[in-house]
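Here is the structure we will look at, set down as C-alpha cells.
No lab work stands behind these numbers, since they all come straight from the coordinates. Source: prediction; values computed, not measured. Cβ placement follows ideal geometry from the backbone for every residue including glycine, while neighbour counts extend to all protein chains displayed.
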C-alpha cells in the first residue's frame, strides 16, 4: 500500500508574515542611575540599592559564574556582596595564614571550618536576607552578603555613584541597605527606554 505525500511550500512573503505574527516582541527596559550621599560615615561606599519587586527562584537568572568572596591580608573582599537566591559563592583563602569563615545568621547559618591558603570552599544561599560573615581566628574580619529576590541591584563605590541596567519598564519601590546608615525607600517609574536619575541622601 503506497502512502501519498503532500509537500507544502511556504513562500517567502508568507514565512515573513508568520514570523511577524508569532515573533516575541523585544523587551523594553530602562536604567536607573544616581549618586548616594551619606552623613555620619567616612564615604558613601558599600551602599546597596535594590528593587523591592520579588521574583521566584525559577525566575532569577543564574550568574554566569560563582561570585567570589576572597580573603587577602586579613580582609574579606568585597566587604559587601549582593547575590540572588540560589547562588553559590566561592570562598577562597588567598592569604598567607589559615582562616575560618562562618555566619550566625538565621538566613544561612554555616561554618566552613579552618582552612589553609589555596583552598576554596563553597556555600549556596537559598533564602533571602542578610548574612554577616566572620572569622573565628581574626575577629577584626567582617563582611556582608545580601541575598536578594531581584536581579536588579547595585553597590556604590567610593564616589557614591551607581547604575542598575536593563530594568523592565514599570513602577517600582527602590530600597537601600548599609551596615550603619538608615535604610530608605523611594518610588520610581522606569521608562521603556532611556534612564532615570535617583539621587539618595542617607544618614546614620
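Here residue 89 fulfils each of the conditions (1) touching a residue at least 40 places away in the same chain (Cβ under 8 Å); (2) outside any loop (DSSP other than H, G, I, E, B); (3) surrounded by fewer than 16 Cβ atoms within 10 Å (Cβ to Cβ) apart from (3).
Yes/no matrix, rows are residues, columns are (1) touching a strand residue (DSSP E or B) at 6+ places or on another chain (Cβ under 8 Å); (2) farther than 30 Å from residue 202 by Cα:
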position: 36; (1), (2): yes, no
position: 47; (1), (2): yes, no
position: 64; (1), (2): no, yes
position: 69; (1), (2): yes, no
position: 73; (1), (2): no, yes
position: 100; (1), (2): yes, yes
position: 114; (1), (2): yes, yes
position: 123; (1), (2): yes, yes
position: 135; (1), (2): yes, no
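Out of the strands (runs of 3 or more DSSP E) lying entirely within segment 96-204, which hold 3 or more residues that are surrounded by 12 or more Cβ atoms within 10 Å (Cβ to Cβ) and in contact (Cβ under 8 Å) with a residue 24 or more places away in the chain?
Answer list for segment 96-204: 99-103, 120-125, 129-135, 142-148, 153-155, 161-168, 170-177, 200-203.
Does segment 70-83 include one or more residues that are surrounded by 19 or more Cβ atoms within 10 Å (Cβ to Cβ) and more than 13 Å from the chain's Cα centre (by Cα)? Looking through segment 70-83, at least one residue is surrounded by 19 or more Cβ atoms within 10 Å (Cβ to Cβ) and more than 13 Å from the chain's Cα centre (by Cα).
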